[in-house]
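The values are calculated or read from the model by the stated rules, or taken from the named source; none is laboratory data. Note that the coordinates shown come from a computational prediction; the quantities given were computed from them, not determined experimentally. Cβ atoms come from the backbone with ideal geometry, glycine included; neighbour counts cover every protein chain shown.
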Amino acid sequence: MRCGAARRACAAKRTLRSVLHGPEEGVVKRIDAPASVQSAGNMPKRIEEFVGRVSTGAGGISIARMVSPSGWVEPGQTPEFDEYTVVLRGSLWVTTKSGVIEVSGGQAVIAPAGEWVQYSTSGGAEYIAVCVPAFSPGSVHRDRE
């Protein structure tokens, strides 16, 4: 019985490594600089992807730092991924079919896959977004502008 549990634990570690590290499974890797990813919305937003399809080739997760200017609004979307967002500074407005949620510095929000959501900032914000599986333009399903 213990051998079975150990094998499952090893398999789980290998799976986690492949999710986090992409094609170089099992290699501990420092990320010296994020990759820039193009943003959507009414004005440019800075997206710095540290882990994900663009920066590391990881398809299981993406981790990005976002810096949104005052007045930024993104098209609504119905993504195929769960998105976990931690606001570092400012406030992020999250519009859903149920209403609007203000998420301020030091707070977080979870947007589950398949739910319509729209992000915006009235006074600008800096935040970390984690998408599981990783963000991709083909899986975000943005509303037509």
Just to be sure I understand, how many residues within region 30-64 are buried (at least 16 other Cβ atoms within 10 Å of the Cβ) and basic (Lys, Arg)? 2
Of the residues that sit in region 25-64 and are over 16 Å from GLU126 (Cα atoms) and of a type in the set (Asp, Glu), which one is modelled with the lowest pLDDT? GLU25
Taking interchain pairs and intrachain pairs at least six residues apart, which have beta carbon atoms under 8 angstrom, with the first residue in region 25-54 and under 23 Å from VAL73 (Cα atoms) and the second modelled with pLDDT under 95 and surrounded by fewer than 11 Cβ atoms within 10 Å (Cβ to Cβ)? ILE47/GLN38
Which condition from (1) out of contact with any Ser or Thr (no Cβ under 6 Å at 6 or more places or on another chain); (2) over 19 Å from ALA40 (Cβ atoms) is the one that SER139 breaks? (2)
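If I ask for residues that are surrounded by fewer than 14 Cβ atoms within 10 Å (Cβ to Cβ) and either closer than 27 Å to THR56 by Cβ or modelled with pLDDT under 95 (or both), which ones from region 92-136 would you list? It would help to see each step written out before you state the result.
Residues of region 92-136 surrounded by fewer than 14 Cβ atoms within 10 Å (Cβ to Cβ): 97-100, 102, 104, 106, 108, 110, 112, 114, 123.
Matches in region 92-136: ALA108, ILE110, PRO112, GLY114.
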Among the residues that make up region 63-72, is at least one of them more than 16 Å from VAL37 (Cβ to Cβ) and of a type in the set (Val, Ile, Thr)? no
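Are any residues in region 65-89 among the small types (Gly, Ala, Ser) and either surrounded by fewer than 19 Cβ atoms within 10 Å (Cβ to Cβ) or more than 13 Å from GLY123 (Cβ to Cβ) (or both), and if so, which ones? Don't jump to the end; show me each part of the working.
Narrowing region 65-89 to residues among the small types (Gly, Ala, Ser): 68, 70-71, 76.
Answer for region 65-89, where residues must be among the small types (Gly, Ala, Ser) and either surrounded by fewer than 19 Cβ atoms within 10 Å (Cβ to Cβ) or more than 13 Å from GLY123 (Cβ to Cβ) (or both): SER70, GLY71, GLY76.
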